[in-house]
Each structure stands twice: as C-alpha cells, then as structure tokens.
1. Beyond 18 Å, what share of the Cα-Cα pairs of region 253-348 is found? Please give it as a whole percent.
2. Which far-off residues, 5 or more places away or on another chain, put their amide H under 5 Å from the one on E386, with H placed in the peptide plane?
3. Could you give the size of the charge dipole of the chain about its Cα centre, using +1 on the Cβ of each K and R and -1 on the Cβ of each D and E, expressed in debye and rounded to the nearest 20?
4. For the charge dipole of region 24-127, defined by +1 on Lys and Arg C-beta atoms and -1 on Asp and Glu C-beta atoms about the Cα centroid, which residue among L39, Q77, P51 has the Cα displaced farthest towards the positive pole?
5. Quick one: if you stick a label point 7 Å off each Cα along the C-beta vector at T214 and S101, how many nm between them?
6. So what is the 222 nm mean residue ellipticity for the chain from helices alone, if each DSSP H run of at least 4 adds -39500 (n - 2.57) and you divide by all residues, rounding to the nearest 500 deg cm²/dmol?
7. With +1 assigned to the C-beta of every Lys and Arg and -1 to the C-beta of every Asp and Glu, and no other charges, what is the dipole magnitude of region 102-200 about the Cα centre in debye, to the nearest 20?
8. Counting only DSSP beta bridges with both residues in the chain, tell me the antiparallel percent, nearest 5.
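Just so it is clear, none of the values below were taken in a lab; they were calculated from the coordinates. Every value quoted in this text rests on a predicted model; they were computed, and no experiment measured them. We place every Cβ from the backbone using ideal geometry, glycine too, and count neighbours over all the protein chains shown.
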Amino acid sequence: MRKALRWLLALVVLVGTVSTAGAATAAEPKAVDIKDRLLSIPGMSLIEEKPYTGYRFFVLNYTQPVDHRRPYKGTFQQRITVLHKDVNRPTVFYTSGYGVSTNPGRREPTQIVDGNQVSMEYRYFTPSRPEPADWSKLDIWQAAGDQHRIFQALKPVYSENWISTGGSKGGMTATYYERFYPRDMDGVVAYVAPNDVVNREDSAYDRFFARVGTEECRDRLNGVQREALVRRAPLKEKYKAYAAENGYTFDITGGLDRAYEAVVLDYVWGFWQYSTVKDCAAVPADAENATDEAIWESVDTISGFSFYTDQGLSPYTPYYYQAGTELGAPTIHFPHIEKKYIRYGYQPPRNFVPRSIPMRFEPWVMRDVDRWVRHNADRMLFVYGENDPWGAEPFRLGHGAHDSHVLTAPGMNHGANVAGLVPEEKALATARILDWAGVAPAEVRENPSAARPLATFDAALDRRDVQREPALRP
C-alpha cells in the first residue's frame, strides 16, 4: 500500500513538472518568421522568395487602388521586393521610377546604413499596370500615394528609420514622394534627378553640350552625328534591312525615317549620359572619311537603333506619357549640323506614345515641386554627375531648406554616386545618411570625416555601374 502511494505521488509530481514546463513554454511567444509577418499584411501576397547569404529576399505583390482619391474604383497588383536583413535595422525605400528587378540588389544608401531595402515598381510599368489602363491615373501624386501606402503597411514591421532613394527618374520619384508626404521618411537621397521647371526653356542643355568634356571629344562626337545624317540614304537602307531581320515596326513614331533621325540625334546626349572622356578614343576621329559601317556601329553602340522601334518604345510608354503630361522633356539644338540635314529635330514625348492614349501637359506640376524643394527641403541630399546632361537642370535649395545638400561628382556621368564625390563631400554625405538613418556611430557624430559605409562592399549586391538605357529618358 505504501509502495503504491509513493508511485502515485511520483506520478503527480511528474505531471505537475510537465504542466509547469508546458505553461512556461506557452508563456514565451514564438518568434514569427519574417515571411509570415509580411504576408499577414492585408493586400500582400508572395510571388517568390530567393535565397541570398545574410538576407532574405522576397518578391511580392501589393494591392493598390488605381485612384487614391477614389479607392473604391478598382485596384491593381503592384510588385515590390523586400531585401530583409533585420527588423532592428533602418530601411531604405528604393524605386528606379520604372520596373523593379526581381533579383537581390542593394543600393548605395542601403550599403551605407547596413539596412533593409524595400523596392517598388512604378505604377503602369508592366506587370504593375491596371487592366484596363486609365492613363489619367498615371501622375506623380498617385505614385506618391502608392509609396505612402507601402510605407504605412511595412512600418509596423520595420519600425526603425526610413530613407527614400532612387536614381534619375527614381531620384525624381523620391523627391516627389517627399513633397507630398514629408513626414514619412527620415531622409531622402536623390541621385542625378532632373528638374525641368519650365519645359519651354531648355537653353541650359545647349550650354552644357558647348562645354562638356574636351573640345577634341566634342568634335569627334559632333562629326559622327552630322555624318550619320549626311549619309541618311545609305544608312537608312541598312536600318530597313536590320528592322526586317528582327521584325521591328515603326507605327508609334510614324515611320522608319523619323525613328532613324531620333536615334542619330540621341547620339551625343547618349554618349555623355553613359560614357566618360576616356571613352572618346573609341569614337571615329575623322567621321567624313570613316566607312558607313564605322558610323553605323558608333551610333548603334551609343544610341541603339532598336530603341525607336515599336518594340523598343513600348516598355517605356509610361515614362513618355509622364514626360509629356507633367515631367517635361529637353529640347536641344545642333549648331554643328546644317538645317538641311535635320527634318524633325528633337521630337516631343507625344511622338513616342501611341495616339490612342490622350495627353495634355500640365506646366504647373514641376513648378510646384521646385518651389517646395527650394523652401521646404529637410534632410534631402541631391547628387549629380559633372558630365551628365540630365544634371544641366538640377534641383536647387533656397533659404527655407534645412540640413539639405546639392553635391556634384567631378567627371562622373549618369551613374554619379556618393562614392564618386570629392573626399570632403563624400564624408559629409555619408555622415548625413548615417545620421538620418539613426545609425551614425559616436565617432561620426563627433567627426563627420570618419564616416564610412557600415556594410562591406558586395560586388554581387552593390551595383555601381549605371544601367545603359536609351538616351532621352532619365
């Protein structure tokens, strides 16, 4: 009897121990996987996850209203990506202003702050396009609304500081987002962002091309561009054969002749956008005596004869639509080419958008943004390249700006970045980015010249070279 009681007592103690352990385990909340946290956000769905050492990388869809003023009027799926490092690190909000890459990549501010990165595909770039597409809902205010909703959705997950960034049209986008939602971000880093305040006044570009680089380089480029128009007839025949071989058509531009001239007139602009003075060595030095093949190859390498085909233009319809309705587009002159060789000149964005899409330019939009930046910029950094034609009309700061800077990287093109600034300005820019992100080490706060990126350079993640794109788009 005594043995049975001892056995029963031991069983009670064991059950109590197990129960206590179970209660203790239940009291400790299990960490929720980051993927589950992201997918618990209403409207968020997973396209795929790709592995990368030290990160988690997600390609996602997020449900957005077509019209932020009337969200009940329909929705579309907008692609975003999340390069996740740690919810306790700052987050960089990036957009190119175009599509989004579905491969892991880290922009310069993300490396500087060693943080997470959220990347957004700009509305109306496929597949982030409503069907059917109401093009009147493609404007900078609606796009800023997209970013604002994504930020609001992800801020509870990534609660540390946020910095928005982008290059070229992406830098413009980051600036417009700050103009409409100045309380969302803790800082803005806008790279090579054009600021076409008065669309009809573009003399700044002509002044730029008159002095950029060296005289020898300018003469080489001007000579090839002129010669390509002098030899329009034989080179058009080559273009016609090239188009037939590749199945290219020219309905949007209104014909092969218009497309040919558009490619040629992009040549000098395209060179300075993507190349440097040292690349002039590859440009024919004596254009008048060069072969047709040499002229063709030089123009094709820099401008790309495929771009002004229907197939080349179609992916960029959203950009040209915005350029022709709000952003503006440059018009430049060609004093080195006789007028008899130029039939169309720099064509307006309207010529590169299907005629079925109505367009009307609104000149007050860029004036509003420019005025706001001059008088209200707070924790904004603008980085330009000295030899980039898009920097001929930059953003400028006025008396109302606070803790903001406009810096220019000497000798750099459309790929200008903080790393390319002179040492003092590079340290300043890096220190400000770290401070805005809330991760500036004490030594940097005391001595900004000590500022360095917090993450080690990763050649696979940290892309430094500007992506080669058609010239007349930022």
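1. When every Cα pair of region 253-348 is considered, 55 percent fall beyond 18 Å.
2. A409, G411, M412
3. Taking the Cα centre of the chain as origin, the dipole is about 1780 debye.
4. Selected residue: Q77.
5. 3.3
6. -11000 deg cm²/dmol
7. So the dipole magnitude of region 102-200 works out to roughly 160 debye.
8. Counting DSSP beta bridges with both partners in the chain, the antiparallel share is about 50 percent.
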